[in-house]
């Protein structure tokens, strides 16, 4: 079984993030979304997460927000001794990088890749214009 990715978030952000990645990269059976809905509490979310991962051997988790309930629930599992690789601050480039790594077998430094893809486009455009002026 290949490595699985679990996306966790407040609201349906994780579900929409998966759908957006699939729009770009095609269907992704190895990506699962666990949403914390407004009417749910930490216990409800924990139960949904455990139900999602119960038959998975190898997975990592991308959470939306450090210090938010989804991340805190997974952090509690880690502190209880579960072997879970958890990253907070998920963005679309991280999910696409996970998909690419699944295809190539390469290891990924997810925090570095996420930071690499945060750019001020105005500066990039200004740089291109400066190059044209020379």
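Which residue, 36, 86, 106, tops the fluctuation ranking in a GNM of the chain built on C-alpha contacts under 10 Å?
106
Report, in deg cm²/dmol and to the nearest 500, the calculated mean residue ellipticity at 222 nm for the chain, where each DSSP H run with n ≥ 4 adds -39500 (n - 2.57) and the sum is divided by the residue count. Can you show the working numbers first?
Details: 6 runs with 69 residues, N = 134.
Counting only the DSSP helices, I get -16000 deg cm²/dmol.
Assuming a ≥ b ≥ c are the square roots of the Cα gyration tensor eigenvalues, decide whether the chain counts as rounded (a/c under 1.5), prolate (otherwise, with a/b larger than b/c) or oblate. Write down the numbers at each step before the final one.
Working: a/c = 2.22, a/b = 1.81, b/c = 1.23.
Prolate, because a/c is 1.5 or more and a/b exceeds b/c.
Looking only at 123, 64, 30, which one moves most when the chain is put into a Gaussian network model with springs between Cα atoms under 10 Å?
The residue with the greatest mean-square fluctuation here is 123.
Need one word for segment 1-41: rounded, prolate or oblate. Basis is the Cα gyration tensor (sqrt eigenvalues a ≥ b ≥ c); a/c below 1.5 gives rounded, then a/b vs b/c decides. If you can, show how the numbers build up before the last one.
Values: a/c = 3.93, a/b = 1.63, b/c = 2.41.
Note, shape of segment 1-41 comes out oblate.
Share of antiparallel DSSP beta bridges in the chain, in percent to the nearest 5? Could you put the intermediate results ahead of the total?
Numbers: 0 of 15 bridges.
Antiparallel bridges: around 0 percent, rounded to the nearest 5.
Under a plain spin-label model, where a point goes 7 Å from the Cα along Cα-to-Cβ, how far apart in nm are residue 22 and residue 78?
It is 2.8 nm.
Could you grab the relative contact order for segment 4-133? Cα pairs under 8 Å, six or more apart, rounded to a whole percent. Mind dumping the intermediate values first?
Details: 157 pairs, mean separation 30.8, N = 130.
Relative contact order here is 24 percent.
Could you give the angle, 0 to 90 degrees to the nearest 10, between helix 69-79's Cα long axis and the longest principal axis of the Cα atoms of the chain?
In the chain, helix 69-79 runs at an angle near 70 degrees to the longest axis.
Bear in mind these aren't lab numbers, they're just calculated from the coordinates by the rules spelled out. Quantities reported herein were computed from a predicted structural model and do not represent experimental measurements. Because the Cβ atoms are built from the backbone with ideal geometry, glycine has one as well, and the counts that use them run over all protein chains shown.
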